[in-house]
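Below: one structure, written as structure tokens.
The values are calculated or read from the model by the stated rules, or taken from the named source; none is laboratory data. Quick caveat: nothing in here was measured; it's all calculated off a predicted structure. Note that we place each Cβ from the backbone using ideal geometry, even for glycine, and neighbour counts take in every protein chain shown. To get the accessible areas, we keep the full protein, side chains included, count just its heavy atoms, and leave off ligands, DNA and RNA. Shrake-Rupley method; radii C 1.70, N 1.55, O 1.52, S 1.80 Å.
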Amino acid sequence: MSKIKPALVQGTRDFGPEVMYLRNHVIGIIREVFERYAFQPLETPAMERLETLTGKYGDEGDRLIFKILNSGDFKKDVSDYQWTTSDSATLAGLLCEKALRYDLTVPFSRFVSMNRHSLVLPFKRYQIQPVWRADRPQKGRYREFYQCDADVVGSTSLWQEVELVMIYSEVFQRLNIPVKIRINSRKLLHSIAQKANANDRVSTFVTILDKLDKIGRQAVCNEWLKAGFDAGGIGALSSWIFDREIEISKVVKHLGADCDGIEEIIFVLENVKRLKPQAPLLFDPTLARGLDYYTGCIFEVVASGVEVGSLGGGGRYDNLTGVFGVEGIPGVGISFGLDRIVLAVEALGCIPNTQSTKATVMVTGLEEEDMPYAAEITAKFRSTGIRTEFYPAPVKLKKSLDYANKTGIPLVAIVGEEERKTNNFTLKNLTTGNQKTFSIHQKSDWLDALNQPSF
């Protein structure tokens, strides 16, 4: 058998224990806040039917869906003529019935549509799972990454938007990441687009605006003009729309008080300020969120002081379940980008004092006869909630201590003939070099030593 050079698929990563401790810490905080706000856990399959996913993310998003070849002879139902004349998109539709999920929102909407008769509305769920996108890999952007979503379906109340903003604020406050939570509305964007005579091409107008961070304001204006939007309208818009912290009252002057979306944004801004004054919520008229299924308020979170891209985003999608034949179930949700949040924590140096070792104590027997008693001690430690490593073979003490040192285990419980005969063990503190003998029957003594080693 020929040897294969080990390599990762581009856009994917391995995570060692040290990184996983940090990722689990971040996930733990997000999950804890979700559950405090009464969201329930849910998981959906990694694969969805291709037709479930396509047409929900815009043309650009559809191109980034990872399609899965049909099993077996995937060419058998494709004629030679189709094989040689079809474009890539058409051919993919003939060869692929399944795809990896692009996000968690569309699969959630599919779940709601299939289970609508058994759900009590409004239904609040959170979901923490990986998604896949055939994007060009770069810093902070991967082809496989985790999303942490919270969504509510079955309610049109704007209080849901208020609570979701408060979730964002609380999570990032606990993670010590300074952020700005930006809010806009797809309804307002529609009104803005009409100022440039977008008519039925609002999606194109918004998609170009969504490129602002990548290409800059002048390039956005140039693309609007190239796309054929009204030059006079674009000129008028460019005088104010790129002010990312403009007062909403000034937007009212430009578009009128009856402009769609204005009242919704004001409601969320005022009530978040009343309930959580320190929440860093800002109105941003350039916030586009190019996904086609958004219909109302939209959100995006960016870190202050570090460039890692968006840390989260979301919005209202009142019509999403309609594509599955289920009308009248409105929804709104937000998502946390776990991978970028971890990058932000590392870049800002706000890494918490989290679990950084695989065990608090390691138990080692010096001789074969000592191993059963060492295993009993290990079981007792674990029964009290102490993370315990059992060294699986009798070896010289130096070898087992070296192992503990290299793997970052601070305490070693040593069992030799004397300890075995007296029902004791010797606990060695590898940081100080000190050691102390405890009776296995004096639980309170050794439990204090394991939880707060000060000897």
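Below is a table of values for the structure above.
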{"item": "Rounded, prolate or oblate (a/c below 1.5 giving rounded, otherwise prolate when a/b exceeds b/c) for the stretch 224-335 by Cα gyration tensor", "result": "rounded"}
{"item": "Carbon plus sulfur fraction of accessible area for the stretch 8-115, probe 1.4 Å, in percent", "result": "53"}
{"item": "Highest-first arrangement of 317-330, 2-15, where packing means the average Cβ count within 10 Å", "result": "317-330, 2-15"}
{"item": "Accessible area of the stretch 213-281 belonging to carbon and sulfur atoms, whole % at 1.4 Å probe", "result": "49"}
{"item": "Calculated from backbone phi, Karplus (6.51, -1.76, 1.60) coupling profile of the stretch 386-401 in Hz, x at Gly/Pro", "result": "7, 6, 10, 9, 9, 6, x, 8, x, 9, 4, 4, 4, 5, 5, 5"}
{"item": "Among 111, 89, 69 - extreme Cα towards positive end, dipole of the stretch 1-130, charges at beta-carbon", "result": "111"}
{"item": "Computed Kirkwood radius, in angstrom, where 1/r is averaged over Cα pairs of the stretch 323-367", "result": "16.1"}
{"item": "Residue (of 229, 334, 21) at the positive-pole extreme of the chain, dipole from beta-carbon charges", "result": "21"}
{"item": "Dipole in debye (nearest 20) - the stretch 253-412, about Cα centre, beta carbon charges: Lys, Arg +1; Asp, Glu -1", "result": "660"}
{"item": "Long-range HN-HN contacts of residue 387 with modeled amide H, under 5 Å", "result": "360"}
{"item": "Solvent-accessible area per residue, Å², over the stretch 333-380 with all protein chains present [probe radius 1.4 Å]", "result": "40"}
{"item": "Nearby aspartates and glutamates by direct alpha-carbon distance to residue 195 (threshold 12 angstrom, same-chain neighbours under 8 apart not counted)", "result": "230"}
{"item": "In order through the stretch 41-51: 3J(HN,Hα) via Karplus (6.51 cos²θ - 1.76 cosθ + 1.60), integer Hz, x for Gly, Pro", "result": "x, 8, 9, 10, x, 5, 9, 10, 5, 4, 5"}
{"item": "Debye log10 I(q)/I(0) for the stretch 267-416, one point scatterer per Cα, at q = 0.11, 0.14, 0.15 Å⁻¹", "result": "-0.69, -0.79, -0.85"}
{"item": "Rounded to the nearest 20 debye, dipole of the stretch 123-216 from Cβ charges on Lys, Arg, Asp, Glu", "result": "360"}
{"item": "Surface accessible to a 1.4 Å probe, per residue, for the residues of the stretch 243-298, Å²", "result": "49"}
{"item": "Net charge dipole size for the chain [Lys, Arg +1 and Asp, Glu -1 on Cβ; Debye, nearest 20]", "result": "680"}
{"item": "Dipole-positive endmost among 120, 159, 148 within the stretch 99-174 (Cβ charges, Cα centre)", "result": "148"}
{"item": "Value of [θ]222 nm, deg cm²/dmol, for the chain, DSSP H segments ≥ 4, -39500 (n - 2.57) each, nearest 500", "result": "-11500 deg cm²/dmol"}
{"item": "For the chain, diffusion coefficient by Stokes-Einstein and Kirkwood Rh (Cα), 4 °C, 1.567 mPa s, µm²/s", "result": "50"}
{"item": "Stokes-Einstein D for the stretch 136-248, Kirkwood Rh over Cα pairs, 20 °C, 1.002 mPa s (µm²/s)", "result": "127"}
{"item": "Integer Hz, Karplus 6.51/-1.76/1.60 couplings in order for the stretch 340-349, x for Gly and Pro", "result": "6, 4, 4, 4, 5, 4, 5, 5, 7, x"}
